[in-house]
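Enquirer: If you scroll down you'll find the structure; I have some questions about it.
The values are calculated or read from the model by the stated rules, or taken from the named source; none is laboratory data. Predicted model only: the values in this text are computed from it and were never measured. Note: ideal-geometry Cβ built from the backbone for every residue, glycine included; neighbour counts use all protein chains shown. Keep in mind that these areas ignore ligands, DNA and RNA; they rest on the heavy atoms of the full protein, side chains included. Shrake-Rupley method; radii C 1.70, N 1.55, O 1.52, S 1.80 Å.
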Amino acid sequence: MIEFHAISILDKEWIDRHLWCEDSPSADFNFGNMYIWDEHYRQLVCDLGERTLTKVRLHGEPAFVYPIGCGPLRPAIDSLREYAAAKGYPFLLRGITERHKELLEQEFPDCFCFCEETKYADYIYEAEKLATYAGKALHGKKNHCNRFEAEHDWRFEPLTRELIPACEAMLTEWTEDNAERLDNSIVYEHDAIERAFRHYEELGMEGGVLFADGKILGFTFGEMTSSDCFNVHVEKAAADVNGAYPMVCRELTRMLLQKHPDLKWINREDDMGLESLRRSKESYKPAYLLKKYAAKWIG
């Protein structure tokens, strides 16, 4: 039977090999997200040679993630089913994209029951549009940026180790200011950001910091999750400063396009079922939503 172990920064090399073979735009399939959110999801991983097997706890219940990689799918699913049966767990897969759903149905016809999980759908945007806010639909964002640029002496710099302490100070202030309007996920997010900062270079994170009038008004970071898609893990800005959030988004995208010529898409992750997040993400006009499903084995 397969053996899982707690995810470690030392697992990055072999997991990345499977992730890049998968080449998925999904926010579920990059090492940075797997690692920094481990305190919340309690992830266990196993190297099956050509695929990564992952066990998580979601809402206190055990589940498994689609086995990413390029090797045969059936041995990976069979190994997970055997493990689940031995532990007395129901066999449930999470993070299933449309492509994964098709592959599972081909390999295991009539063996899975699929249920769409709308709150976990990723919002995917065209990078060029976020870099310019061109067009009528994004005219409001462009106006906010124009006003910000007119009212502030500003600059946007790459997020480096030297800037992390100042970003942590801003994060603490932001968390205190927003604690009442957000649910308990804010605590997990704060921990995830701190975990990312501790291993920022090792995780291969890329990000930027927005300065205006001598102080930090925002920061953001993430990582390439596929050959043409960047996954924004974190975006924080001063909500009381008009245009701060659109500026952070625009400037990060411009920076990334210069560094990654093949970049086409920006994944700004899901809305967690929160109405305020949904409205915010929709306001940037996504090109599409990357649907996610749960797959339950019905044999």
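Enquirer: Determine how large the accessible area of MET272 is when every protein chain is in place; take a 1.4 Å probe and give Å² rounded to the nearest 10.
Expert: Accessible area of MET272: about 80 Å².
Enquirer: Could you provide, to the nearest whole Å², the per residue accessible area of the chain with probe 1.4 Å?
Expert: Accessible area per residue: 47 Å².
Enquirer: Something else: Restricting attention to the stretch 1-49, which trypsin sites (Lys or Arg not before Pro) occupy a DSSP loop and are surrounded by at most 16 other Cβ atoms within 10 Å?
Expert: Sparse-neighbourhood loop trypsin sites (Lys or Arg not before Pro): ARG42.
Enquirer: When you take every Cα atom in the chain, what is the radius of gyration, and what is Dmax, the widest Cα pair distance, in Å?
Expert: In Å, with Rg to one decimal and Dmax whole: 19.8, 64.
Enquirer: Of LEU163, LEU203, which has the most accessible area and how do the rest follow, probe 1.4 Å? Please list the in-between numbers first.
Expert: Working: LEU163 30, LEU203 0 Å².
Result, largest first: LEU163, LEU203.
Enquirer: Can I ask one more? May I ask you to rank ASP122, ASP16 by accessible area, largest first, using a 1.4 Å probe over the protein chains only?
Expert: Listed by decreasing accessible area, they come as ASP16, ASP122.
Enquirer: Would you rank GLU151, GLU189 by solvent-accessible area, highest first, keeping every protein chain in place and using a 1.4 Å probe? List each step's numbers first, then the result.
Expert: Details: GLU151 100, GLU189 45 Å².
Sorted descending by solvent-accessible area, the residues read GLU151, GLU189.
Enquirer: Taking the DSSP beta bridges in the stretch 46-190 as the whole, what percent of them are antiparallel, to the nearest 5?
Expert: Working: 9 of 11 bridges.
Roughly 80 percent of the beta bridges in the stretch 46-190 run antiparallel, per DSSP.
Enquirer: Something else about it: Suppose we keep just the alpha-carbon trace of the stretch 3-131; what are its Rg and Dmax in angstrom?
Expert: Gyration radius and largest Cα-Cα distance of the stretch 3-131: 14.8, 50 Å.
Enquirer: Also: Please say if the stretch 132-286 is rounded, prolate or oblate, where rounded means a/c under 1.5 for a ≥ b ≥ c the square roots of the C-alpha gyration tensor eigenvalues, and otherwise the choice is prolate for a/b larger than b/c and oblate otherwise?
Expert: Since a/c stays below 1.5, the shape of the stretch 132-286 is classed as rounded.
Enquirer: Under 30 Å from the Cα of LYS12, which lysines turn up, not counting those fewer than eight places away in the same chain?
Expert: LYS55, LYS87, LYS101, LYS119, LYS236, LYS259, LYS264, LYS281, LYS291, LYS292, LYS296
Enquirer: Looking at the chain, what % of its DSSP beta bridges pair antiparallel, to the nearest 5?
Expert: 90
Enquirer: Would you tell me the accessible area of PHE114, worked out with a 1.4 angstrom probe on the heavy atoms of the protein chains, in Å² to the nearest 10?
Expert: 50
Enquirer: Might you work out the accessible area of HIS40 for me, using a 1.4 Å probe with all protein chains in place, and round it to the nearest 10 Å²?
Expert: 70
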